[in-house]
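In what follows, a single structure is set out as structure tokens and then discussed.
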Amino acid sequence: LKDMAPQLDASDDISPVLARLADLQAACRQSVTDSLDEEMGTPGSLPPDPQLVEMLSQQRMLNHALGVMLDELEQALLQFDASRHPLLHDHFHYRLKTFRDWQQAFTNSLRASVTVFGSGVIWITTSWSAGLTFMMFVSIVCRLFSTLEKPALATRAFLGGAIIASLMA
């Protein structure tokens, strides 16, 4: 594995690297099979030592995990090669059309600014010890409401609920 990076830098052809990787993957699979055969033993032979069974089991798990990592490395190398050699005549790209409503953005920013300023005034005039947390929640709610299609309706409903909750408290 250590010589793969220089091979990838030296040449555009990744087939020798993939062939070496396939050999390593096959060796891992063969090691798992050999370990299982050794643990099972032959018919009529003595049962294997429990420590040997544990060691072989751990060896199988490690070789299986190494095989999975080598499979993922192979996929990464294929993707890397595809990124270095794009297909001819492939001009695909995502078309992202964004809709910008500057009037609504200005209204939302004005609403959020006035609300955060009002929460700051409440904090300062009452000398509330948890005022900073209050301002944080007000800012979060303003941010969440600004993503709605009609933030004014949600703001009014939220304000009504907050007033009722404060009266009940």
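None of the figures in this text is laboratory data; all of them are computed from the coordinates on show. In this text, all values refer to a predicted model and were calculated from it rather than measured experimentally. For neighbour counting, all protein chains shown are included, and Cβ atoms are generated from backbone atoms with ideal geometry for every residue, glycine included.
Structure notes:
- Mean-square fluctuations from a GNM of the chain, with a 10 angstrom spring cutoff on Cα atoms, peak among 73, 88, 153 at 153.
- Highest-fluctuation residue, 76, 130, 26 considered, GNM on the chain with Cα pairs under 10 Å: 130
- P(r) for the chain, from all Cα pairs and a bin width of 5 Å, is 1, 6, 9, 9, 7, 6, 5, 4, 5, 6, 8, 9, 9, 7, 4, 2, 1, 0 %, short bins first.
- Think of it as helices only: each DSSP H run of n ≥ 4 in the chain is worth -39500 (n - 2.57), and spread over all residues that comes to -26000 deg cm²/dmol at 222 nm.
- Exposed trypsin sites (Lys or Arg not before Pro) absent - longest run of the chain, DSSP non-H/G/I/E/B, at most 16 other C-beta within 10 Å: 3-94
- Membrane-span-like helices of the chain, defined as complete DSSP H segments with a Cα extent of 20 Å or more along the helix axis and a mean Kyte hydropathy of at least 1.0, are identified as 131-146, 151-168.
- Of the chymotrypsin sites (Phe, Trp or Tyr not before Pro) in the stretch 29-114, those whose Cβ has at most 12 other Cβ within 10 Å and which sit in DSSP loop: 92, 94, 99
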